[in-house]
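Enquirer: A single structure is presented below for examination.
Each reported figure results from applying straightforward, stated rules to the coordinates on display, with no laboratory input. None of the values given here were measured: they were computed from a predicted structure. Cβ atoms come from the backbone with ideal geometry, glycine included; neighbour counts cover every protein chain shown.
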Amino acid sequence: MPELFDLLSKFYGSRRVWEEVEKELRKENMSTKRFHDPFTNLVIGILSQNTSDRNSTRAYINLAKRFQITPKVLVEAPLREIKSAIRCGGMYNLKARRIKQLARIVLKKYGGDLKKLIKLPVGKVRKELLSFPGIGQKTTDVFIGYCMKKDSLPIDTNIKRVARRMGIVGKKAKYEEIQKALSKLTPKGKKLRTHELLIRLGRDFCKVRRPLCEKCPISSMCKKVIS
Ligand code: SF4
């Protein structure tokens, strides 16, 4: 049976996953390169919680237009102005508080520069990030993948849905179990690309309502556990 990664790679080629996000940023003359900056990456992680890419991108653009995304600037920024900038991203009260808390921690523990953190071993970084308020497993794995350039397979809601429907985990499987099961199907060094391809697949074919199984590129290896 062809492997998951091979099927997805063959189908999508080098197509970029974040093309909609990139388009939005380009309209504002903003570059996606800043997503690789460790502090910005965590801020985006907070903004992306429980909302669509479109809304979180809009929230990020509004925030970046009003403030420089640095710990020093955001720690001094009035909370109500952060809230107002990110309002379109949902849960803005909580997210604004978390951004302030993050900025405070990064300033206090790292002198405002997370480049020191990314030089540490992955295990230590994971432990440290998970101790920050509002930073969960997915944001941590995204950070490890994109900022530390390590092989990492963050699991988002699209990927959870695909893995459950494929039948490689049960319906109630949690984050680590899904990550482990998918990692077994992923060639070494390809986890981050698999993460991107599975997100694309979830959006394009394995939709929440009415999955397009007949057109899906991984149909041959999927048990289609849909209910
Ligand atoms: S075959 Fe259907 S259920 Fe399986 S991943 Fe594709 S769209 Fe989802």
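Enquirer: Report the extension gain between Arg26 and Lys215 in nm, rounded to one decimal, defined as 0.36 nm multiplied by the number of residues separating them, less their alpha carbon distance.
Expert: 64.9 nm
Enquirer: List the equivalent ellipsoid semi-axes of segment 131-186 in whole Å, largest first, each obtained as the square root of 5λ for an eigenvalue λ of the Cα gyration tensor.
Expert: 21, 13, 8
Enquirer: Follow-up question, since we're still on this one. Rounded to the nearest 0.05, what FRET efficiency is calculated for Lys10 and Arg87 with R0 set to 41 Å and r the Cβ-Cβ distance?
Expert: Between Lys10 and Arg87 the formula returns 0.45.
Enquirer: Please check the chain for the longest run free of GluC sites (Glu not before Pro) that are loop-located per DSSP (anything but H, G, I, E, B) and have at most 16 other Cβ atoms within 10 Å. Can you show the working numbers first?
Expert: Values: sites that count: Glu3, Glu28.
Longest site-free region, per DSSP loop and neighbour criteria: 29-227.
Enquirer: Name the residues whose placed amide hydrogens come within less than 5 Å of the amide hydrogen of Gly112, ignoring near sequence neighbours (fewer than 5 apart) on the same chain.
Expert: Hits under the 5 Å cutoff: Leu107.
Enquirer: Using the 2.2 N^0.38 Å rule of thumb for compact globular proteins, work out how the chain stacks up: its C-alpha Rg over that value, please. Could the numbers behind the result be given before it?
Expert: Numbers: Rg = 18.2 Å, N = 227, 2.2 N^0.38 = 17.3 Å.
Normalised Rg, Cα atoms only: 1.05.
Enquirer: In whole angstrom, note down how far apart the Cα centers of segment 106-129 and segment 185-227 are.
Expert: 33 Å
Enquirer: Expressed in nm to one decimal, what extension gain is obtained for the pair Glu19 and Lys124 from 0.36 nm per residue of sequence separation less their Cα-Cα distance?
Expert: Between Glu19 and Lys124, full extension yields an extra 34.6 nm.
Enquirer: Work out which helices of the chain, taken as complete DSSP H runs, extend at least 15 Å along their axis over the Cα atoms and score a mean Kyte-Doolittle of -1.0 or more, then list them.
Expert: Helix filter hits for the chain: 92-110, 191-204.
Enquirer: While we're looking at this one, here's another question. Out of every Cα pair in segment 97-174, what percent are spaced more than 21 Å from each other? Each step should come with its number before you reach the end.
Expert: Working: 1123 of 3003 pairs.
The proportion of pairs with Cα distances above 21 Å equals 37 percent.
Enquirer: Between Lys180, Lys150, Lys116, where does the largest GNM mean-square fluctuation fall for the chain, given springs only between Cα atoms within less than 10 Å?
Expert: Lys116
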